[in-house]
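Here's the structure, in structure tokens; my notes come after.
The values are calculated or read from the model by the stated rules, or taken from the named source; none is laboratory data. Treat the numbers as computed from the prediction; the structure is a model and nothing was measured. Cβ placement follows ideal geometry from the backbone for every residue including glycine, while neighbour counts extend to all protein chains displayed.
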């Protein structure tokens, strides 16, 4: 978009967008986002998001001795078989990623 903006200074916006195959609406939207600072806004937390304590509880279960050698999918299925639902498999991966608990592979 910056190239389109610099070209638009030499020719008009319509010609610059046509030459670079950039839709004019996208160009103007990009300009407005930069001016308003809307691009820097963060999304609010979803109302059904897990709390910090809930995430910690799930993390403790994921790190329990009985699940030490299992992937989140296997843990999820084991817990469902026992009648417990904590969160989705994707949420388990998100929690592990958030707390930087990626599985480590030991090379022999």
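Numbers for the structure displayed
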{"item": "Looking only at the range 78-103, and only at residues there that are surrounded by 13 or more Cβ atoms within 10 Å (Cβ to Cβ) and more than 19 Å from the chain's Cα centre (by Cα), the one that is nearest to residue 49 (Cα to Cα)", "result": "86"}
{"item": "Conditions (1) at pLDDT 85 or above; (2) at positive phi; number of the one not met by residue 37", "result": "(1)"}
